[in-house]
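Mind having a look at this structure? Questions to follow.
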Amino acid sequence: MTSTLPAVTTPKVPAQRTPVPKTGSTPRTTPLPSRLRTSRADLILCGVLLVVVMTVQGWNIADYPALSDDEGTYLAQAWSVQQGNGLAHYTYWYDHPPLGWIQIALLTWIPSLISPESMTVGSMRIVMLLVSAISAVLVYVVARRLWLPRWAAGLAMLLFGLSPLSVVLQREIFLDNIAVMWTLVAFCLAASPSRHLWHHFGAGIAAAAAVLTKETMIFVLPAVMITMWRHSHRDTRKFALTGAITACVLIGMSYPLFALLKGELFPGGGHVSLWDGLEYQLTRPGSGFILDQGSGSYGVLQSWLYYDRVLPLGGLAGALLLLVTWRWSVTARALAGPAFTVAILALVALRPTGYLPAMYVIQALPFLALVLAGGAASVAHGVLRRWRSTDEREFVTRARYAVAALLVAASAAYVVPRWYDGDRTAVTADANAPYRAASKWLATEVDHPEDTRVLVDDALWLDLVHAGYEPGLGVIWFYKADLDPAVTKTMPGGWRDIDYVVASPTVRRDAADLPNVKQAMRHSTPVATFGKGPDRIEIRQVRGGSTAGTAGTASTTGTADTAEEATTGGDR
């Protein structure tokens, strides 16, 4: 009876066509991803694109964008870990899990040993290049493991690495960038073609590391599980998911266990608590609905779109397209994980009562790039391959390629000029000259820095520590002058115990809600100003202060405003 089998086999032509890997399905045998590390074409393409991405992201990294208070805070906390002074340069109050800046401490450990004075925000941005490089390679690997063709994987890598929005935000020392790296590791292991159980356990561990780096990555965990469900073997799927979830939960529980062992899990007299930290994060004032033109969230959205409209809007459109066509598109099913990630993060951002920070979009960048590249691959497949028969005439084939070429040219004509302007600014502009000048002035023009008390934002905190100011109580992160009892008890005279205020844009913006800082600003006069307009930095000497350290000379660059103007604003 077996001799009759060849007579009923299907025709040879359909059997020879194997477009499945190109369109995103996950067949039983997956030879292509398993050979990725030994594929010369993939290695060469990924390597070349990595050089391009790292050149753009690394060039002028210390000078653009402007230093931020958040960067300074994370780096100062990493410095405190390196010095053995605890988890933060002030009281650690469970605002974020500490794993993020512990990793920053490890990344900056060797540079700080070789050159301690280089442990400042601008110079230490260079370590973020390593994080960006790993993330860019992982985007390529994830794209290939989700069965995108080689050119689409390269496109995803370029979208992720060269978007002006990515270039600006990935340069900065943000926990989100490290958390994204761990999330991509989780996706890469979840989509492992070999389907080893330890890969799935590893995905759970990587997902936990992402959440412990930046807690908001917890929203992405369902998308990791979706990817694992689709790519795990049917016979071991339950074990894979159980193992991944167990590993994630056990590692994640280390954070509340740490608080419990320290007696800081729940509120109590005389100590901080994890409960209070969570309550603060969940009840902090919202920034409004993202589509309400008068809200803070709308301003954040406009700042993203100012740098780039292609990746955020194109990625959202691509994710929507993939979700709508999920039932009949193999590409949509292959990219279900990234598409759901984009959808989840978009829904979280749309909460009308939620708080939307400027760095939130970092978490979505690689997945926006993946779904946009996947959408491009799906369109290319529809134009060049779908419904093509063996008797198709030559002029029809040429027409298909002409349409494809036209689409590529139109896309390039729209994207390249806009990205060129944004990336050119990133590699040529100097937004941090005022910070460098202010740091140099305070290091050279104050007679006794070790006896001087100065309020600064954290972008300058480590600079002044290296200049000889006492960490914590000499150079004071300006928020702590009002909000940290360990600092305020050393200031019986309140604002009168302050010698200088470095009025950066951040300090001027938030001084209105901080009584000691506000009064110190009101009773001060500028002795040096660097830069102009809302981005200027003023060094203001407090009248009636302790005057432990006085300036040897008064050096002024730019324009100085009155104390009242410095208190009430001028910021964007």
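The values are calculated or read from the model by the stated rules, or taken from the named source; none is laboratory data. Since this is a predicted model, take the numbers as computed values, not measurements. Positions of Cβ are generated from backbone atoms using ideal geometry, with glycine treated the same way; all protein chains shown enter the neighbour counts. Heavy atoms of the whole protein, side chains included, go into the accessibility calculation; ligands, DNA and RNA do not. Shrake-Rupley method; radii C 1.70, N 1.55, O 1.52, S 1.80 Å.
Check whether at least one residue in the range 434-446 is open to solvent by 10 Å² or more (accessible area, probe 1.4 Å) and free of Cβ contacts under 8 Å to residues at least 24 places away in the same chain, and report yes or no.
Yes, because at least one residue in the range 434-446 is open to solvent by 10 Å² or more (accessible area, probe 1.4 Å) and free of Cβ contacts under 8 Å to residues at least 24 places away in the same chain.
A further question follows. Go through (1) touching a Phe, Trp or Tyr at 6+ places or on another chain (Cβ under 9 Å); (2) within 25 Å of P471 (Cα to Cα); (3) in contact (Cβ under 8 Å) with a residue 60 or more places away in the chain for Q82 and report which single condition fails.
That leaves (3) as the condition not met.
Now for a separate question. Kindly provide the set of residues from the range 98-118 that are assigned to a helix (DSSP H, G or I) and either among the aliphatic types (A, V, I, L, M) or under 17 Å from D70 (Cα atoms) (or both), ordered by number. I'd like the intermediate steps shown before the answer.
Of the range 98-118, the ones assigned to a helix (DSSP H, G or I) are 99-107, 109-114, 116-118.
Listed by number, the residues that qualify are L99, G100, W101, I102, Q103, I104, A105, L106, L107, I110, L113, I114.
Provide a single number: the residues in the range 485-512 that are over 28 Å from the mean Cα position of the chain (by Cα) and surrounded by fewer than 23 Cβ atoms within 10 Å (Cβ to Cβ). Lay out the reasoning, then the answer.
First, pick out the residues of the range 485-512 that are over 28 Å from the mean Cα position of the chain (by Cα): 485-501, 512.
Adding the requirement that they be surrounded by fewer than 23 Cβ atoms within 10 Å (Cβ to Cβ) leaves 485-494, 496-497, 512.
Total satisfying the criteria: 13.
Oh, and also: Can you confirm whether V342 is of a type in the set (V, I, T) and at pLDDT 95 or above? Full working, then the answer.
Numbers: of a type in the set (V, I, T): yes; at pLDDT 95 or above: yes.
Judged against the criteria, V342 is a match.
Mind checking which pairs have a first residue in the range 40-65 that is in contact (Cβ under 8 Å) with a residue 24 or more places away in the chain and a second that is surrounded by fewer than 16 Cβ atoms within 10 Å (Cβ to Cβ) and charged (D, E, K, R), Cβ under 8 Å, 6 or more apart or different chains?
Note: pairs meeting the criteria are N60/D430; D63/D430; Y64/D430.
Can you say whether V211 is open to solvent by 10 Å² or more (accessible area, probe 1.4 Å) and within 21 Å of L345 (Cα to Cα), as far as the supplied structure shows? Working first, answer last.
On the way: open to solvent by 10 Å² or more (accessible area, probe 1.4 Å): yes; within 21 Å of L345 (Cα to Cα): yes.
Spelling it out, V211 is indeed open to solvent by 10 Å² or more (accessible area, probe 1.4 Å) and within 21 Å of L345 (Cα to Cα).
Next question. Please work out if V502 is touching a strand residue (DSSP E or B) at 6+ places or on another chain (Cβ under 9 Å) and among the aliphatic types (A, V, I, L, M).
yes
Taking V517 as the residue in question, decide whether it is touching a residue at least 40 places away in the same chain (Cβ under 8 Å), closer than 22 Å to G533 by Cβ, of a type in the set (A, V, I, L, M, F, W, C) and in a strand (DSSP E or B). Talk me through it step by step, then tell me what you get.
On the way: touching a residue at least 40 places away in the same chain (Cβ under 8 Å): yes; closer than 22 Å to G533 by Cβ: yes; of a type in the set (A, V, I, L, M, F, W, C): yes; in a strand (DSSP E or B): no.
So V517 does not fit the description; no.
If I filter the range 324-338 for residues that are closer than 28 Å to S132 by Cα, part of a helix (DSSP H, G or I) and open to solvent by 30 Å² or more (accessible area, probe 1.4 Å), do I get at least one hit? Can you show your working first?
Restricting attention to the range 324-338, the residues satisfying the condition of being closer than 28 Å to S132 by Cα are 331-338.
With the extra rule that they be part of a helix (DSSP H, G or I), the set shrinks to 331-334, 336-338.
Still in the list and also open to solvent by 30 Å² or more (accessible area, probe 1.4 Å): 333.
Yes, because at least one residue in the range 324-338 is closer than 28 Å to S132 by Cα, part of a helix (DSSP H, G or I) and open to solvent by 30 Å² or more (accessible area, probe 1.4 Å).
More than 19 Å from R508 (Cα to Cα), open to solvent by less than 10 Å² (accessible area, probe 1.4 Å) and either at pLDDT below 95 or not aromatic (F, W, Y) (or both): which single residue out of G472, G468 fits that description?
On the way: G468 fails: open to solvent by less than 10 Å² (accessible area, probe 1.4 Å).
Only one candidate qualifies: G472.
Right, something else. Give me the helices (runs of 4 or more DSSP H) completely within the range 234-320, filtered to those with at least 3 residues that are at pLDDT below 90 and surrounded by fewer than 14 Cβ atoms within 10 Å (Cβ to Cβ), ordered by residue number. Show your work before the answer.
Values: elements: 237-252, 254-261, 274-283, 296-307.
Fully inside the range 234-320 and qualifying: 274-283.
May I ask you to list the residues in the range 40-86 that are over 20 Å from N177 (Cβ atoms), assigned to a loop (DSSP other than H, G, I, E, B) and in contact with a helix residue (DSSP H, G or I) (Cβ under 8 Å, 6 or more places away or on another chain)?
Across the range 40-86, the qualifying residue is only G86.
Let me ask something else about it. So the check is Cβ under 9 Å with 6+ separation or different chains; which pairs have a first residue in the range 472-493 that's of a type in the set (D, E, K, R) and a second one that's part of a helix (DSSP H, G or I) and surrounded by fewer than 19 Cβ atoms within 10 Å (Cβ to Cβ)?
K480/A486; K480/T488; D482/T488; D482/D513; D482/P515; D482/K518
Look through L75, L49 and report the one residue that is within 20 Å of A136 (Cβ to Cβ), open to solvent by less than 30 Å² (accessible area, probe 1.4 Å) and modelled with pLDDT of 95 or more.
Values: L75 fails: within 20 Å of A136 (Cβ to Cβ).
Matching residue, one of L75, L49: L49.
Restricted to the range 104-131, and to residues that are polar (S, T, N, Q) and crowded, with 22+ Cβ neighbours inside 10 Å, which residue is farthest from D458 (Cα to Cα)?
Quick first cut of the range 104-131, residues polar (S, T, N, Q) only: 108, 112, 115, 118, 120, 123.
Adding the requirement that they be crowded, with 22+ Cβ neighbours inside 10 Å leaves 108, 120.
Numbers: T108: 17, T120: 10 Å.
By that ranking, first place goes to T108.
Just to be sure, is L138 part of a helix (DSSP H, G or I), out of contact with any Asp or Glu (no Cβ under 7 Å at 6 or more places or on another chain) and surrounded by fewer than 21 Cβ atoms within 10 Å (Cβ to Cβ)?
Criteria not met by L138.
Please go through the range 391-416 and give me each residue that is at pLDDT below 60, of a type in the set (D, E, K, R) and surrounded by 10 or more Cβ atoms within 10 Å (Cβ to Cβ), ordered by number. It would help to see each step written out before you state the result.
Going through the range 391-416, the residues at pLDDT below 60 turn out to be 391-393, 395-396.
Filter once more, so that each one left must be of a type in the set (D, E, K, R): 391-393.
Result: E392, single match.
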